[in-house]
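Report on one structure; see the data block that follows.
What follows draws every value from the coordinates through simple rules; no lab data is involved. Keep in mind that what you see is a predicted model, and the values were worked out from it rather than measured. Because the Cβ atoms are built from the backbone with ideal geometry, glycine has one as well, and the counts that use them run over all protein chains shown.
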Amino acid sequence: MKLIAGCELLLNTNLPTPVILMLRPRSGSGQWILQEEYKLEPMTPIVEYTDSYGNLCQRLVVPIGDFRVYTTSCVETADTIDVDPEAAFIPVEDLPEDVLQFLLPSRYCQSDQLGDLANQIVDGESPAYEQVRTICDWIHAQVEYQYGTSDASTSAIDTVASKVGVCRDFAHLGIALCRSLTIPARMVVGYLYQLDPMDLHAWFEVFVGDRWYTFDATQAEPRGNRIAIAYGRDATDVALMSNFGPIELVNMRVWVDAAE
């Protein structure tokens, strides 16, 4: 399906403020960028670079006053996500070097503290893909999706205790549980068609059977029509905006529509 997806940010600052934005998707597995538009008002010098995870980042200094960032893309997306219950566990010694970092505990994914819980959840399941699917089902059943129940400091350990959260928290918990079983897992942020209420979305991917597979514990069944914007260890690496000074997010608007 062709999707038109985008995001508009209205910012305000009383000092020139350096900012790194992460708003541009790139062509890759399951998505092909057909057309893009990126506007800054007022127009400001901007430099784009690729970070260590392959994400497209935009670097600029937001000028004093009101500032608008508008980006939209027309993307050919996969209607389904790949599912492979036979995808096997890859021993650590056989993993690609760029995948190894996604085995380690990170700020929001304390995998070194969740091994007992993970083993309880997957008890009796075949290693790898089926274990991850069981983890996803457990999170979907045990954690309530509820806005306003977490904040920027909430980690996987916190979500285990509270049993509530939003998509970011569901992803962090899934990542941490998978890593505790020595299954590489990474966070993804982007767009999901027909998400309700509409917003930017977060899910996770695991590396089994020699490739990455998509999992989303907020959904009862696998869903396609996703547009990935950024990948990383956890929310630290995939922030929509990182500002290095005082700045106010006045308003944010997100849309995902089927292209005519």
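What the table shows:
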item	result
Interatomic Cα distance distribution for the stretch 92-222, bins of 5 angstrom, percent	2, 11, 22, 26, 21, 11, 5, 1, 0
Where the Cα pairs of the chain fall when distances are cut into 10 Å bins, in %	7, 30, 35, 21, 7, 1
Dipole of the chain, positive end: most advanced residue of W32, F170, V254 [Cβ charges, Cα centre]	V254
Paramagnetic label zone (point 7 Å from Cα along Cα-to-C-beta, Q113; backbone N under 19 Å) in the stretch 178-221	178-182
Counting all C-alpha pairs of the stretch 105-181, share separated by more than 15 Å (%)	48 percent
Acute angle (nearest 10 degrees) that the helix 167-180 long axis makes with the longest principal axis of the chain, alpha-carbon atoms	40 degrees
Acute angle (nearest 10 degrees) that the helix 129-142 long axis makes with the longest principal axis of the chain, alpha-carbon atoms	70 degrees
Backbone HN-Hα couplings from phi across the stretch 89-100 [Karplus 6.51/-1.76/1.60, Hz, Gly and Pro as x]	5, 9, x, 4, 5, 9, 6, x, 4, 6, 8, 4
The stretch 55-105: proportion of alpha-carbon pairs further apart than 12 angstrom, %	83 percent
Positive-end residue, the stretch 92-222 charge dipole about Cα centroid, Cβ charges, pick of F204, L114, A161	A161
